[in-house]
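In what follows, a single structure is set out as structure tokens and then discussed.
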Amino acid sequence: MTTFSQTSNNIRKSTEEKLKLFESIRGKDVGDTPFWDAVVITALDEKQRDAYEIQLQSKLERGELPLGVKYHAFYDPPGPKIGNGGSVLVTIGDLLNIYDEKELMKTKVILLPAGGYSQRLPNASVLGKVFTALPIGDPPYQMLELQLAMMMDLPARMNPGLFVVASDCLEFFNSEGDWSLTNPGFTAFAHPSPIIIGTTHGVFVLSDHKVHFVHEFLHIKTLEGDCPVAQTTCRKFLHKPSKEIMRNHDITFLHNDEEHVFTDSAYFVDWDKAKSLFDFSKKIQPIDCEIDAYGDFLQALGPEACGDYAQNVANVTKETASLVEKRRKIFEFLQGTQLNVLLLNESKFYHLGTTKEYIHHLCKDPVFRHGESEEKEKTTCEQSCLIQCYQTLPSTIGQYTVLEYCDISSESSVGDNCIISNVLIPEGASIPNNTFMTTVCVTVGDVSGLFVTIVFGIEDNVKKMTKADDLGKLQYLGMPLDKVFALLNAKQDMSLESVSLWQVKLFPVFHSCKDSVRYAINMINSIKSGNELQVGDAKPVGKHLSMEDVLAIKDIKGTLKIRENLRIKILEP
């Protein structure tokens, strides 16, 4: 039996209260329950925005979201990537185009930047990471609902403004106590985290008058449950600092004999500051570079902020000519603004952005698996996780495997350490260990209702690039990619100078979902055994596709229809 610390039990209790409150308005009008006036999701482009709008409408029709709330999906303008900070600025402008300014200044808005194609967690690529399924709730929660549930305390405690929270992260915290989001400007959430976490996140250098409190009192008492939330201010915000930099700033403290720091997650900005930041952004148009909602906004805050970070482009996907100059101007505008901090001393922060993280948190992490709610009927004792699946016995599921929206036929098996999504697993089929597999409904030309099943290895690096004439440098399912092409008698599109597994055209389209899955399983077996591919009787439709191609022709309504049919099958007596 799993046992938990007092801190974990406190987080669990607070989480259950939030879930209960959210359930009371799920599919119902919020009425007098304090809640957001608007929920905003941002998308990478217009096509992804359209997909988000379809899903929001479907969720509202199925009673999965609170009613009486405005739900919006906005998209980044065409052109260079503008980052989540650019998305924040664009969103404020989009809201001002919809609402009267005086009306908007009275609203409480939660913003979930969700642009991008989640290459490190491909089961979130088609429908979007904010719609990633989780093993809780009936119907199952997705990231959107759980984020809204975890932030149920906020609307009653905050002034009008914008609350920004990542769509692939979750924050579970004990929210007891007298605290609020009412200070002017920015207020950020801070979590006690091992120092190694600080190297990949933002880290707070708390104000002088609080240093003794943190070092001598906090790790003894507040981390043990005496003071779950504390309010303070920040001298300086460090973005992905080294251990040496954190130690030089004297911000580490010991907890359970391990060095900790306070790391970031979400933040609130009141409308006065948000509107002034938006007005300022008009002076640096066009936004043609990646602006980070954390690194570029929060690093400029606090009395000891230094603009040197504008020169650091290590964490930028693509450096553009205007990047450094526009970062510097943002710093100059925000410089001197106070950064308020809420220390969430009893909290757990989870990132679900990669296949490894997804499997770990849903199958291995005892606090995540059992700590957020008593409702865990979707998680099996064998440490696998089934979400909205129909399983016909006898069939077997391996250890540390996640299946979502799958129809599992009899005599079939799925190995260990797998993610299987939207797959109709045929009778007698066997999916080996360490497999990622997802079936997508697509439209080719004017023909809809077609299927393609994507397969990767859990360990595959789908983002790694190589020259198109040097495919042997890429590994696919444990085999050099050039040998994979030879084994499968497949042809690579040589029109690209460089490719990744994301752009490799390995996956045929079929009229039948089952045929698509059978081909994918045969392809895995061929690569694992080194034997020639057994194609079978079913004939593919058109050319082979890459994952990038699939996203361009995905059929969102068709995919949601498959899920709805599966839901009906599950509910049948």
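In whole angstrom, how far apart do the alpha carbon centroids of the stretch 278-350 and the stretch 517-573 sit? Each part reduced to its Cα centre gives a spacing of 42 Å.
Translational diffusion coefficient of the stretch 432-540 (Stokes-Einstein, Kirkwood radius from Cα pairs, 10 °C, 1.306 mPa s): 110 µm²/s.
The number of Lys pairs in the stretch 68-154 with C-alpha atoms less than 29 Å apart, excluding pairs fewer than 8 positions apart on the same chain, is 8. The residues of the chain have, on average, 41 Å² of accessible surface per residue, using a 1.4 Å probe with all protein chains present. Measuring r between the beta carbons of N159 and S495 and using R0 = 56 Å, the FRET efficiency lands at 0.55. Phi angles of the stretch 172-181 translate, via the Karplus equation with coefficients 6.51, -1.76, 1.60 and θ = phi - 60°, into HN-Hα couplings of 9, 8, 7, 9, 5, x, 9, 8, 7, 10 Hz per residue; Gly and Pro are given as x.
In this calculation the C-beta distance from S448 to K283 is compared with R0 = 35 Å, giving a FRET efficiency of 0.15.
Using only the alpha-carbon atoms of the stretch 1-136 as identical scatterers, what base-10 log of I(q)/I(0) does the Debye formula give at q = 0.12, 0.16, 0.17 Å⁻¹? With one equal scatterer per Cα and no solvent, log10 I(q)/I(0) is -0.60, -0.98, -1.07. Between S529 and E61, the FRET efficiency estimated from the beta carbon spacing at R0 = 45 angstrom works out to 0.45.
With the simple model of a label 7 Å out from the Cα in the direction of the Cβ, V541 to S322 spans 4.3 nm. Whole-Hz Karplus values for the stretch 409-425 come out as 7, 5, 6, 9, 8, 10, x, 7, 6, 10, 10, 10, 10, 6, 10, 8, 7 Hz, taken residue by residue from phi with 6.51 cos²θ - 1.76 cosθ + 1.60 and θ = phi - 60°; glycine and proline positions read x.
Between 0 and 90 degrees, the angle of helix 6-25 with respect to the longest Cα principal axis of the chain falls at about 80 degrees.
Element breakdown for the chain at a 1.4 angstrom probe: carbon and sulfur atoms account for 48% of the accessible area. Remark: the L96-H360 segment gains 91.0 nm on full extension, using 0.36 nm per residue and subtracting the alpha carbon distance.
Put a dot 7 Å past the Cα of I54, heading toward its Cβ, do the same for L21, and the two dots end up 3.5 nm apart. Over the stretch 413-458, the hull volume per residue, using the convex hull of the C-alpha atoms, is 64 Å³.
Measuring only protein heavy atoms, the 1.4 Å probe finds K273 accessible over about 50 Å². Pairs spanning more than 29 Å between alpha-carbon atoms, out of K20/K240; K20/K236; K356/K505: K20/K240; K20/K236. Helical runs (DSSP H, four residues minimum) scored at -39500 (n - 2.57) apiece and divided by the length of the chain put the mean residue ellipticity at 222 nm at -8500 deg cm²/dmol.
Taking a spot 7 Å from the Cα of K569 along the direction of its beta carbon, which residues of the stretch 409-426 have an amide N less than 17 Å from it? Hits in the stretch 409-426 for K569 at 17 Å: 409-414, 420-426. Computed 3J(HN,Hα) for the stretch 101-114, one whole-Hz value per residue from the Karplus formula 6.51 cos²θ - 1.76 cosθ + 1.60 where θ = phi - 60°, is 4, 5, 5, 4, 5, 9, 9, 10, 10, 9, 10, 10, x, 9, glycine and proline marked x. Enclosing the Cα atoms of the stretch 88-171 in their convex hull gives a volume equal to 122 cubic angstrom per residue.
The values are calculated or read from the model by the stated rules, or taken from the named source; none is laboratory data. Just so it is clear, the model here is predicted, and its values are computed rather than measured. Neighbour counts run over all protein chains shown; Cβ positions are idealised from the backbone, glycine included. Side chains are part of the model used for accessible areas, which takes the heavy atoms of the whole protein and leaves out ligands, DNA and RNA. Shrake-Rupley method; radii C 1.70, N 1.55, O 1.52, S 1.80 Å.
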